[in-house]
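Enquirer: Take a look at this one; I'll ask things after.
Values quoted throughout were computed directly from the atomic coordinates according to the rules given, and no laboratory measurement underlies them. Please read all numbers here as calculations on a predicted model, not as lab measurements. Don't worry about glycine lacking a Cβ; one is built from the backbone with ideal geometry, like all the others, and counts go over all protein chains shown.
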Amino acid sequence: MNIKEFLEKENIGEVRVDEELTKHTTYRVGGKCNYFVQPSSIDNLVKLIKFLKDNNIKYKVLGNGSNVIVSSNVFNGVIISLTKLNNVEIDGEYVTVEAGFSVIKLSNYLANNYLGGFEFASGIPAQIGGAVYMNAGAYKSDMSEVIEEVTFIDENCNLVTLPKEKLDFSYRHSIFQDKDYIVVKVKMKLYKVKDRDEILTLMNDRRQRRIETQPLEYPSAGSVFRNPAEDIYSGKLIEDLGLKGFSIGGAKISEKHANFIVNYNNATAEDIKKLIDLIKEKVKDKYNIDLMVEQEFVNFGD
Ligand SMILES: Cc1cc2nc3c(=O)[nH]c(=O)nc-3n(C[C@H](O)[C@H](O)[C@H](O)COP(=O)(O)OP(=O)(O)OC[C@H]3O[C@@H](n4cnc5c(N)ncnc54)[C@H](O)[C@@H]3O)c2cc1C
C-alpha cells in the first residue's frame, strides 16, 4: 500500500495535498509539501507514524511553526500537524493537555480557571508540543518549571510517559531535540489563586510590553539568535553594527528589535538565511563571537 492508498483507506484525519507551508509558519515562508496531515486522535497519529516509518517516508511534525525557517523547496513527504490534538482537562491544580493546544489560549484558559504559574507563556505563539520540545520560556521561567510528566511516541512507536526529571530539560533544550520522539500529551502542575484578575492584569501588561518592544506587526519567528552570555545581548551586538533596518530580498532586520528578522515584503526562507549568515559573519568579524541561531532550518538539504 502506498501513502496515497493508506491515507484514503485509513481515516487518520484531515489530509491536504500539495499544501503551501507558508500558511503554517509564523514567518510565512516555506514551499509545498506532498501531504499535510492532521491526525484526529493520538491513536491515529501512532498509526500514521508507524506506516511512515515502515515505508521509509520522510515526515516532519510541525507545531505552530513559530520557530522554523522552512525552505522554498518542495517537502517530499508528509508534514504532520497536531492541531486536532487539543483536549485539555483540569483536575485541581493539575492540567493535562494535548500537544496541539495553543500555548496562548492555554494561558488564558488557566487564568480564567484561577490557576497561576503559566503566565510566563502567555505571549509565546507556540503549540504545547513545540513549547515542550524547545523548553520555551520567558520572564525567568520555562516549561520545565510547570511540567510534571510528558507522554510521547518513542522511536518504536510505543506511547511512553516519563517524569520531567528524565526529560533532560535545560535552557531552551529538552530530550525531544535529541531523540526521535513525538510529544502527544503533557501533565502540568500549577497553583490555585484567589484573584484571577491579578494574573490577567500581569499577562496584559506583558502583552503590552511585547507589542511595544517587538515587531509583532510583521511575520517573524521571535528572537533569531541566543544571547552569547547572560550579559551580552545578540540584539545589542547587531544594533551596534548599524544593521537595524538592513534587508535582503523581503527579509529585514527589525528596526524595533535587532534580534528579530521580519518578513516585510514576501520574503523567502532563503532571504532569511542569507540575512542570518551575513549577521553571523559581521558579528564574528567585529567581536569574534559565534552567534547561535535559535530557530530551526527545515528542508534546506543537509
Ligand atoms: C512573536 C514571537 C515571540 C516569541 N517569543 C518567545 C519567547 O518569549 N520564548 C520562547 O521560548 N520562544 C519564543 N518564540 C519562539 C517559539 O514560539 C518557540 O520556540 C516555540 O516553542 C515553538 O513552538 P511551535 O509549536 O511553534 O513549534 P514549531 O516551530 O512548529 O516547531 C519547532 C520544533 O519543534 C518540533 N515539534 C513541534 N511539535 C512537536 C511535538 N508535538 N513533538 C515533538 N516535536 C515537536 C518541530 O518538529 C520542530 O523541530 C517566539 C516566536 C514568535 C514568532
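Enquirer: So how far apart, in nm, are the two label points at Met292 and Ile211 if each is 7 Å from Cα heading toward Cβ?
Expert: Each label point is offset 7 Å from its Cα along the Cβ direction, giving 3.4 nm.
Enquirer: Further question on the same structure: Mind ordering 262-268, 128-134 by average Cβ neighbours within 10 Å, highest first? If you can, show how the numbers build up before the last one.
Expert: On the way: 262-268: 19.3, 128-134: 27.3.
The peptides rank, most packed first, as 128-134, 262-268.
Enquirer: Another one. Set the bar at 18 Å for Cα to Cα. Now go through Lys252/Lys286; Lys244/Lys286; Lys58/Lys273 and name every pair that lies beyond it. Mind dumping the intermediate values first?
Expert: Values: Lys252/Lys286 21 Å; Lys244/Lys286 16 Å; Lys58/Lys273 23 Å.
Cα-Cα > 18 Å for Lys252/Lys286; Lys58/Lys273; rest within.
Enquirer: How high is the FRET efficiency from Asn87 to Glu281, r the C-beta distance, R0 41 Å, rounded to 0.05?
Expert: E(calc), rounded to 0.05, equals 0.35.
Enquirer: What order, most packed first, do the peptides 176-189, 199-212 have when packing is the mean number of other Cβ atoms within 10 Å of each residue?
Expert: Numbers: 176-189: 19.1, 199-212: 14.0.
The most tightly packed comes first, giving 176-189, 199-212.
Enquirer: Calculate the spin-label point distance for Tyr94 paired with Lys60, positioning each point 7 Å from the Cα along the beta-carbon direction, and give it in nanometres.
Expert: 3.6
Enquirer: With labels modelled as points extended 7 Å from the Cα through the Cβ direction, what inter-label distance (nm, one decimal) is found for Ala138 paired with Asp168?
Expert: 2.8
Enquirer: Rounding to the nearest 20 debye, state how big the charge dipole of the chain is about its Cα centre with +1 on each Lys and Arg Cβ and -1 on each Asp and Glu Cβ. If you can, show how the numbers build up before the last one.
Expert: On the way: 39 positive and 44 negative charges, 91 e Å.
So the dipole magnitude of the chain works out to roughly 440 debye.
Enquirer: How high is the FRET efficiency between Ser41 and Lys179 when r is their beta carbon distance and R₀ equals 25 Å, given to the nearest 0.05?
Expert: Numbers: r = 23 Å, r/R0 = 0.92.
Given R0 = 25 Å and the Cβ-Cβ separation, E is 0.65.
Enquirer: Could I ask something else about it? Can you figure out the FRET efficiency of Tyr233 with Lys23, using R₀ = 45 Å and their beta-carbon distance, to the nearest 0.05? Intermediate values should be presented prior to the final figure.
Expert: Numbers: r = 33 Å, r/R0 = 0.72.
FRET efficiency, Tyr233 to Lys23: 0.85.
Enquirer: Take the alpha-carbon centre of segment 71-131, take the same for segment 175-213, and report the distance between them in whole Å.
Expert: The distance from the Cα centre of segment 71-131 to that of segment 175-213 comes to 9 Å.
Enquirer: Let me ask something else. Ranked highest first by the average count of other Cβ atoms within 10 Å around their residues, in what order do 121-127, 56-62 fall?
Expert: On the way: 121-127: 23.7, 56-62: 16.4.
Final packing ranking: 121-127, 56-62.
Enquirer: If contacts are Cα pairs under 8 angstrom and at least 6 residues apart, what is the relative contact order of the chain in percent?
Expert: Working: 610 pairs, mean separation 50.6, N = 302.
That works out to 17 percent.
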